[in-house]
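Structure first, then comments.
The values are calculated or read from the model by the stated rules, or taken from the named source; none is laboratory data. All of these numbers come straight from a predicted model, not from anything done at the bench. Heads up, the Cβs are rebuilt from the backbone with ideal geometry, glycines too, and the neighbour counts pull from every protein chain shown. Surface accessibility is based on the protein's heavy atoms, side chains included, excluding ligands, DNA and RNA. Shrake-Rupley method; radii C 1.70, N 1.55, O 1.52, S 1.80 Å.
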Amino acid sequence: MSHTTTEALPLLPFFLPASGGQRYCLLHLPPPGRSARGGIVYVHPFAEELNKSRHVAAAQARAFAALGYSVLQIDLFGCGDSSGDFHEARWDIWHNDLHLACAWLAQRVDGPLTVWGLRLGALLALDFASRAQLPLARLLLWEPELDGRRSIDRFLRLRLAAGMLAGAAREAPGQALRAR
């Protein structure tokens with residue numbers, strides 16, 4: 001029986017115990033009976049890009065699983081459904097999360113381990129791979145953000161603008177018109 005990305009493949013949601021709480025994970029498994037080709041740890045983008053890319057990342061994870069890879073999607077500290085607040089997150093905490101995720105997957109999967117990062121997650125994946133204490137066979141970088149500082153500045157500007165718009169929306173409609 002041939003599996004395509006549209007057929008239901010095994011999916012296991014769980015919380016991985018970690019420093020500072022738990023990390024929400026989704027494990028996409030290959031079809032039953034399919035020989036393992038390895039494991040892939042997905043490193044998501046940050047801020048609004050995380051939410052906007054979830055559907056595409058999940059579809060790609062299913063496609064990798066259909067090809068025989070076990071794919072672990074982890075929400076890093078302060079992101080998505082994991083413990084912590086984004087403003088408390090630090091690069092080294094995310095490094096620890098990736099080490100934990102890679103070690104967890106490597107213990108459960110035969111074959112080479114790949115780290116796959118998207119946008120600022122690609123920058124984190126590259127930095128992690130350069131210092132990884134685990135053997136990584138491949139690094140897959142999608143639309144990598146090449147300037148982390150610029151990315152964070154853009155995120156902060158968007159957050160400030162959203163806060164200003166939210167404050168204006170809370171004004172009474174009549175007050176907003178009279179102020180003009």
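For the reader, a short list of remarks on this structure follows.
- Within segment 1-23, residues that are under 30 Å from residue 92 (Cβ atoms) and open to solvent by less than 70 Å² (accessible area, probe 1.4 Å) have Cβ atoms under 9 Å from residues that are at pLDDT below 90 and not in a loop (DSSP other than H, G, I, E, B) in no pair, counting only partners at least 6 apart in sequence or on another chain.
- Residue in segment 45-62 that is in contact with a helix residue (DSSP H, G or I) (Cβ under 9 Å, 6 or more places away or on another chain) and surrounded by fewer than 16 Cβ atoms within 10 Å (Cβ to Cβ) present: yes
- Whichever residue in segment 24-38 is in contact (Cβ under 8 Å) with a residue 24 or more places away in the chain and not in a strand (DSSP E or B) and, among such residues, is surrounded by the most Cβ atoms within 10 Å (Cβ to Cβ): 30
- Residue 95 being in contact with an Asp or Glu (Cβ under 8 Å, 6 or more places away or on another chain), part of a helix (DSSP H, G or I) and not hydroxyl-bearing (Ser, Thr, Tyr): yes
- Boolean, residue 54 is of a type in the set (D, E, K, R), in contact (Cβ under 8 Å) with a residue 40 or more places away in the chain and in a helix (DSSP H, G or I): no
- If you check 116, 104, 142, 94 for being of a type in the set (Phe, Trp, Tyr) and open to solvent by less than 10 Å² (accessible area, probe 1.4 Å), only one passes: 116.
- Some residue of segment 128-137 being of a type in the set (S, T, N, Q) and open to solvent by less than 30 Å² (accessible area, probe 1.4 Å): no
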